[in-house]
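> For reference, the structure I am asking about is given below.
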Amino acid sequence: MTRAIKIVALPGDGIGPEVVPIAIAVLRTALAQAGVALEVQEALVGGCAIDQCGEPLPKETLAACRAADAVLLGAVGGPQWEDRSMDQRPERGLLGLRSNLELFANLRPALLFPPLAEASSLKPELVSGLDILIVRELTGGIYFGEPRGVFFENNERVGVNTYRYAEHEIERIARLAFNLAGKRQGRLCSVDKANVLEVTDLWREVVSGLAGEFPQVALSHMYVDNAGMQLVRAPKQFDVIVTGNLFGDILSDVAAMLTGSLGMLPSASLAADGLGLYEPVHGSAPDIAGQDAANPLATVLSTAMMCRYSLNLPAVAARIEGAVDAVLQRGLRTADIVGSGHPHGIERVGTKAMGEALLAEIGSGTEGAAS
Ligand code: IPM
Ligand code: MG
């Protein structure tokens, strides 16, 4: 081995501890084939951290992440922690990671694997060849704006959150989105609600102001309500979408579903200093946790994004993505992507069997065959 990569694994809650080990095994095998060793340090975040350390984001976890080449996260949250105060919920752990590590850019690709066209809730012709990238601002907007809270006013409670963006926050996410669009089909759609919200009127102005620097990118703007509609009407009109934290949260779930299942979608959260946190877009899915029913592919695909964006190993990324494609071609499906009926050649498998099939695929592939 010529090189060693050090990552922190944060399996978290629910199905996280089922899918993360599979993704690590796949990553380890793919890296080994490229002569790269993998060191993994496990740490706690979310509900399991609350149970074991009394807080959703222990200091040790944050320090370990800071010292790593990249972070792989499963999921956080579950019904057993839902009645806790807002700052003592598992989700705080994830939001704390994002803000403390300054992971301002969240990349959520919605890519349709051809064998899954039938699993989409849209007609196959609307989604075949779908390849959208949602670039979501992740450390600002209404998720983090102050003041926030529930206050007493005139003898009743009033809930307050603040939707806020400073120019530099808009500019850095827009710049990144322009750059990514330039490497893809060259189309960037900025999503806002500039007809109603001043903060997104500023968003639109700042994004527009950068367009001159990226003559190879065609910039358009869309209101978020229309964007939601267009995503389910004619999703292939989009290449890259850039938007704020809350709109990005909502639109990325919509986009994910176009591809057949939330269980397929990976994501990368990137900081300006190069650190990246990789996680599936799906949550902790407590309803299926512990049943060997979860789809590990979103987490596996997140490790491919890690290879591409943090480790500069695009060939390893392609190999992992190729293995995912191959097991789908072979007809293997977890429950979420099995579709209706019992088409010939489709085999329903559990989480572990899917992982084993991926490992066999990676192990058997010839160098450079995956693309
Ligand atoms: C996501 C999730 C998170 C978010 C939750 C778990 C805090 O929905 O990553 O999309 O709202 O950002
Ligand atoms: Mg979400």
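> What span do the alpha-carbon atoms of the stretch 108-261 cover on each of the three principal axes, reported in whole Å from largest to smallest?
57, 38, 24
> Cα centroid distance between the stretch 217-232 and the stretch 125-149, in Å?
Here the two parts' Cα centres lie 12 Å apart.
> In whole percent, how big is the carbon plus sulfur part of the accessible area of the stretch 108-261, probe 1.4 Å, protein atoms only? Please report the intermediate quantities before stating the final value.
Numbers: 3800 of 7190 Å².
Here it works out to 53 percent.
> Using +1 at the Cβ of each Lys and Arg and -1 at the Cβ of each Asp and Glu in the chain, identify which of ASN245, LEU62, SER220 lies farthest towards the dipole's positive end.
SER220
> Can you compute the label reach from GLU153? Point 7 Å from Cα along the Cβ direction, backbone N cut-off under 12 Å, restricted to the stretch 72-113.
none
> In nanometres, what is the gap between the two model label sites at HIS168 and GLN52, each 7 Å from Cα along Cα-to-Cβ?
3.7 nm
> How much accessible area per residue does the chain have, in Å², with a 1.4 Å probe?
Accessible surface, normalised per residue, equals 43 Å².
> Arrange the residues ASP253, ASP287, ASP192 by how much accessible surface each exposes, largest first, with a 1.4 angstrom probe.
From most exposed to least exposed: ASP287, ASP253, ASP192.
> Enter the Cα centre distance for the pair the stretch 256-317 and the stretch 39-84, rounded to the nearest angstrom.
17 Å
> Over the chain, what relative contact order in percent results from Cα pairs under 8 Å that are six or more residues apart? Each step should come with its number before you reach the end.
Details: 809 pairs, mean separation 77.3, N = 371.
Relative contact order comes out at 21 percent.
> Same structure again: Using Cα pairs under 8 angstrom and six or more residues apart, how large is the relative contact order of the stretch 34-115, in percent? Don't jump to the answer; show the numbers that get you there.
Details: 72 pairs, mean separation 24.4, N = 82.
So the answer I get is 30 percent.
> Just to verify a number: FRET efficiency for ASP87 and SER121, C-beta to C-beta distance, R0 = 25 Å, to 0.05?
Approximately 0.10, to the nearest 0.05.
> If you take the C-alpha gyration tensor of the chain, multiply each eigenvalue by 5 and take the square root, what semi-axes do you get, largest first, in whole Å?
31, 26, 21
> Give me the dipole magnitude in Debye, nearest 20, for the chain about the Cα centre, with unit charges on the beta carbon: positive for Lys and Arg, negative for Asp and Glu. Walk me through the numbers on the way to the answer.
Working: 30 positive and 43 negative charges, 159 e Å.
Roughly 760 debye, rounded to the nearest 20.
> Return the lysines within reach of LYS236: Cα separation strictly under 18 angstrom, same-chain partners fewer than 8 residues apart disregarded; answer none if there are no such residues.
Excluding near neighbours in sequence, the set is LYS123, LYS183.
The values are calculated or read from the model by the stated rules, or taken from the named source; none is laboratory data. This is a predicted model, so every value here is computed, not measured. Virtual Cβ from ideal backbone geometry, glycine too; neighbours counted across all protein chains shown. Ligands, DNA and RNA are stripped out before the accessible areas are found, and what is left, the full protein with its side chains, is counted by its heavy atoms. Shrake-Rupley method; radii C 1.70, N 1.55, O 1.52, S 1.80 Å.
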